[in-house]
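The structure appears below as structure tokens.
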Amino acid sequence: MIRQLDDRTLVSGQIAPHEVAGLAEQGVTVLVNNRPDGEEDGQPFASDIEEAAAQAGIAYHFVPIIRGIGPADVEEMLKAWREAEGGKLLAFCRSGSRSAFVCALAHRDEGASSEQVHQRLTAAGFDPSPIAHLL
């Protein structure tokens, strides 16, 4: 399920390579994979999604979040947003939570208030309490 954080930021759980072309048709210009390879049996490899993204004309960033979100993860998300320009960015992980949280922290770094970030997460169905201390 794809959830919208704002007009150009989407998050979701795991996507499959065969879904990528459809994402391009929906205006997605950048994919950010926050899920490390091998996290779960049967999960698509990052390289397979990257190949599908290249075929669909979508920029691809592999930024696996393994032990919590760090400043480098937030910076990579900011870089991906800049690359998306007029298009949409879709960040994904197993459930969408890690991606939503790193996007929220990037929004905060871009000047969004704690209240705005909290509202975006809540409206998208995420509990912001795990990152509240960082907002």
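Which of the residues belonging to the stretch 65-95 are over 14 Å from LEU5 (Cβ atoms) and in contact with a strand residue (DSSP E or B) (Cβ under 7 Å, 6 or more places away or on another chain)?
GLU76, GLU83, GLY87, listed by residue number.
Going through the stretch 105-125 one residue at a time, which ones are open to solvent by less than 40 Å² (accessible area, probe 1.4 Å) and either in contact with a Ser or Thr (Cβ under 6 Å, 6 or more places away or on another chain) or closer than 13 Å to ASP6 by Cα (or both)?
If the condition is that a residue be open to solvent by less than 40 Å² (accessible area, probe 1.4 Å) and either in contact with a Ser or Thr (Cβ under 6 Å, 6 or more places away or on another chain) or closer than 13 Å to ASP6 by Cα (or both), then ALA106, HIS107, ALA112, VAL117, LEU121, ALA124 are the ones that fit.
Within the stretch 64-84, track down each residue that is in a helix (DSSP H, G or I), open to solvent by 80 Å² or more (accessible area, probe 1.4 Å) and charged (D, E, K, R).
Across the stretch 64-84, the qualifying residues are LYS79, ARG82, GLU83.
I'd like to know if the stretch 122-130 contains one or more residues that are of a type in the set (S, T, N, Q) and over 23 Å from GLU19 (Cβ atoms).
yes
The values are calculated or read from the model by the stated rules, or taken from the named source; none is laboratory data. Source: prediction; values computed, not measured. Don't worry about glycine lacking a Cβ; one is built from the backbone with ideal geometry, like all the others, and counts go over all protein chains shown. Remember, those area values only see protein heavy atoms, side chains included, never the ligands or the DNA or RNA. Shrake-Rupley method; radii C 1.70, N 1.55, O 1.52, S 1.80 Å.
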